[in-house]
Each structure stands twice: as C-alpha cells, then as structure tokens.
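Right, one structure below, let's go through it.
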Amino acid sequence: MPDVRPRLLSEAGLGHAAFHERSSEGLFPEIRTPYPLQASLQSRLPLAVDAEHGPGVLLVTAPPGEGKTEAALYAAMVMTATYGSSGLFLALPTQATANQMYERVVRFATHNLADPAQLTLLHGAAELYQGYAEPSGRWLRSRGRGLLAPISVGTIGQALLGVLPLKHNALRQTGLSGKTVIIDEAHSYDAFTHALLLRLLTWLGAMRVPVVLLSATLTGQTASGPVEAYLESAGRKGGAYALPAPVHPGRLYADAEQVTVPAEPVGSVRARSPDLAVRPVTHTYDPTVADGRPATLITAPLRTQRHTTLLSRPPSPMPSAPLSMPSAGSMTSRKATDPPFCTPSASSRA
C-alpha cells in the first residue's frame, strides 16, 4: 500500500521551509551597499553561532531605517542553517504592521525558498486583508493551526496565547517549536504584554528555539531583561558570564556558553537633525475660562497619522469627587484566584 502521508502533509500545507544557502548579497540582491548594522552582522554572526552551544538569542537595537528587518532575516537564515530550524515566525505588534511584513516576507520567500512552502498571516482580521484572500492552504487557516505553517507572520498575541492556560496553547507551542522566531518592535508593548513576552522567551529558551529581538529604543536593563528571560531556561549555568548592557545602535548574541558583542561601535550613515518647535501653553482645570479648550497631542513616529490627534471642543467640568487611582501594589500583585502563567517544566528544558 503506498504511503499517503507525504501527500496529506503537502495538501495540509505542513512541512519544512528549505531556503537556499546564500550570502547576504544573494538573499537581498536589491541591497548594493549594506548599512553598518547589516555589515556588522554579516561579518561576525556566522562566527558567533555554534551548534555545539545550542541555539541563542540575538538582540538588535537601531533607529528606524537602519535595515533591521533585512538584518533579522539574514540572521534567521544563519541560525536556521546552523541549528536546523524548520521554518520562521515573525511577530509584530499590530495587525497593520503584520500585513506590511507579510508582503515583505512573501517577496523574500519567493526569491530564497528552495522548495514551495505555505506562508500564513495570523491575526483576527487576516481574512479581510486583500493580499491574503486567496483560498490556498485552507486547512492551516482554521483557528489555532496557523502557527503550524512552515512560515508565519502575525501579531505577537498569536504566540503569547501559548504561554497562558488557554485552550489549544500546546498547539501554539508546537507551532513555535523547531522554528526561528523574530520578534519585531520589542519595545512597543505595555507592562502586561511585556510580562507575557518575558514568559514566552523563557518557553522559547526551554524549547531551544533561536530568537531574534528587534527594537528601535531598547537600551540598558530594559533591553537585557528579554535576553535574561531567554537564557534563564536555555541552559546557561549560573555565573557562566555576565551579560553586558546592550548599546544603541548595536547587537548582542548570547547562548548557553558565551555572549558576543561588536568589538567596535556600530555606526550609522543616516544623518538626523531633529527640528524641535516649542509651543508654550497654559494648563488649567478652571471651566470658567472663556477661551480654554482641551488639546491632546499624542505623537508616535510609527503611528503618526493614526494617533496624532488634536481635540478641540468645549471644556467639560471636572468631577466633584477626586478620582480614585489604584496603587502600584494592587496593579502588580496577583490574587490567588488569578490564572497562573504556564511555566516550562524541568522535563521540557531537557
């Protein structure tokens, strides 16, 4: 009786993502002159990764426009070839950024895949995105299965659900295991999501999953925290080495045995001259001020068009009773009835 398993796996869209082993120039022929960050990774990362040490975590910090995405994809190819990863998962903070990254990964995969592989877009509105509306790979589009695809792009929540005591969390962990995971915009999450991210990195370290962290602003202890969370369960022995404070811009690669940082500062060729305009304003809660109008200006470079808003309307009177704000302790302490994090067991770290 013929073995039908390969055909069934192929029809379901499962399998491995096999990439051509190429240099950075071969992976990105459109880049004629790499940025300093990219050049630094190309020259040093292949020497830092070591199959005998086991997978590690790469932290890349640089301002927007320095080629972090291309650097991460190059690093993922190096890690995949060294550690035998079966595919990629790229995690983004929002649906909009996931949609944009999906298009870039489609172009990258089309150029560099040795064999066809299924690519999924994972977030709540993925089916509404025009670039992902094709009916191919329907089995993987069922709830919870998308991470099983060889290559996946989605919001960070798709992975974070795997560390919460929820239905199908083991299925999500299965989809992440064996892959190389890229987490973009690692600085953009609130305190709750950041705590879940640290727990996810602990799981990925226990499952020996190579990880690439990208950030435009993480520095110092804030940047060291995610790396330490990964190394906590990745096999690093206590006191093996001290993790240096990450610099900006720069890179840091750490595994169970060693940490590698650039011997010289990673420079930047993009000139920046911020134009600051000072606008004096007077703040008051007095509702009797005739010309007083509340104005809220929120600026975020990556979301300027969506979140830069000027509100102008008649002022509302202040509440008669003071607002009751929760204390810091009540926000950080957990009740006995709160659901615990899923924690890697000793057997899962073996």
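FYI, it's all coordinate maths here, none of it is from the lab. Model, not experiment: these values are computed from the prediction. Cβ sites come from the backbone with ideal geometry, for glycine too, and all protein chains shown count toward neighbours.
Packing, taken as the mean count of other beta carbons within 10 Å per residue, orders the peptides 105-116, 11-22 from highest to lowest as 11-22, 105-116. Where both bridge residues fall in segment 8-269, DSSP classifies roughly 25% of the beta bridges as antiparallel. Taking Lys and Arg as +1 and Asp and Glu as -1, the other residues whose beta-carbon sits under 13 Å from that of Leu88 total +1. Other residues within the sphere of radius under 14 Å centred on the Cβ of Gly124, judged by their own Cβ, net out at +1 (K and R +1, D and E -1). Based on the Stokes-Einstein relation at 20 °C and a viscosity of 1.002 mPa s, and on the Kirkwood radius from alpha carbon pairs, segment 8-269 is assigned a translational diffusion coefficient of 116 µm²/s. Listed peptides 185-192, 261-268, 66-73 appear in the order 66-73, 185-192, 261-268 once ranked by packing, highest mean of other Cβ atoms within 10 Å at the front.
Electrostatic tally near Gly54: other residues with Cβ closer than 9 Å to its Cβ, Lys and Arg +1, Asp and Glu -1, net -3.
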